[in-house]
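Note sheet for the following structure.
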Amino acid sequence: VSKSTGMDELQAMADRKIHRLAENLVVPLWELDEHWVEEIIASEMMDKQLYGMFVTGEGGLFVGKKRDGQWHSVDSVNNLPGSYVRRSLDIKRDGEKIGDVKLYLTQKFLIEELQDRAKEELLGILLFGLLLVDRKSTRLNSSH
């Protein structure tokens, strides 16, 4: 997987997530059910690639979560600075905006996966090179 392919996959995941969330949050926002919104966010935060998520509704309803240093989900009220795949979408009921959802996906695991694959490929190349050197030295020794 190249970085651009990985980023394309992360972007597509963000698009799918934001649309699904906007649909799933219509009823809880319409009902102004903060607990229900928190449950949806908690469920989403089980995905380690989701770094943060904010839901705003009418009447001052606001629920936000982000990752702390130990990667736990904690309350947050801020938009998140940094390099994330960001998505934001209005939540509508009968065509009328009743809130919005923002999500932030991290590139951290994509980069770690690419680094792991590069290490594996390098190791494979080194092992292949050692095998060739060993075969060549074995042939040289047997011809003497």
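State whether the residues of the stretch 43-55 include one that is part of a helix (DSSP H, G or I), at negative phi and open to solvent by less than 80 Å² (accessible area, probe 1.4 Å).
Within the stretch 43-55 (the criterion being part of a helix (DSSP H, G or I), at negative phi and open to solvent by less than 80 Å² (accessible area, probe 1.4 Å)), the answer is yes, since at least one residue qualifies.
Can you tell me which of Gly6, Gly82 is surrounded by 13 or more Cβ atoms within 10 Å (Cβ to Cβ), of a type outside the set (A, V, I, L, M, F, W, C), outside any strand (DSSP E or B) and modelled with pLDDT under 90?
On inspection, the qualifying residue turns out to be Gly6.
Among all residue pairs at least 6 apart or on different chains, which show Cβ distances below 6 Å where the first residue, located in the stretch 57-70, is within 14 Å of Gly82 (Cβ to Cβ) and the second is of a type in the set (S, T, N, Q) and open to solvent by less than 70 Å² (accessible area, probe 1.4 Å)?
Qualifying pairs under 6 Å: Lys66/Ser76.
Looking at the stretch 56-74 only, could you name the residues that are touching a strand residue (DSSP E or B) at 6+ places or on another chain (Cβ under 6 Å), more than 12 Å from Lys102 (Cβ to Cβ) and open to solvent by less than 70 Å² (accessible area, probe 1.4 Å)?
Gly57, Arg67, Asp68, Ser73
Identify, please: which residue in the stretch 31-42 is over 19 Å from His72 (Cβ atoms) and open to solvent by 60 Å² or more (accessible area, probe 1.4 Å) and is, among those, modelled with the lowest pLDDT?
Leu32
What's the total number of residues in the stretch 85-125 that are open to solvent by 60 Å² or more (accessible area, probe 1.4 Å), modelled with pLDDT of 75 or more and within 22 Å of the chain's Cα centre (by Cα)?
4
Let me confirm something: among Val77, Val27, which residue is of a type in the set (Val, Ile, Thr), open to solvent by 40 Å² or more (accessible area, probe 1.4 Å) and not in a loop (DSSP other than H, G, I, E, B)?
Val27
The values are calculated or read from the model by the stated rules, or taken from the named source; none is laboratory data. Just so it is clear, the structure is predicted and the values come from calculations on it, not from any experiment. Ideal geometry is used to build each Cβ from the backbone, glycine not excepted, and the neighbour counts take in all protein chains shown. Side chains are part of the model used for accessible areas, which takes the heavy atoms of the whole protein and leaves out ligands, DNA and RNA. Shrake-Rupley method; radii C 1.70, N 1.55, O 1.52, S 1.80 Å.
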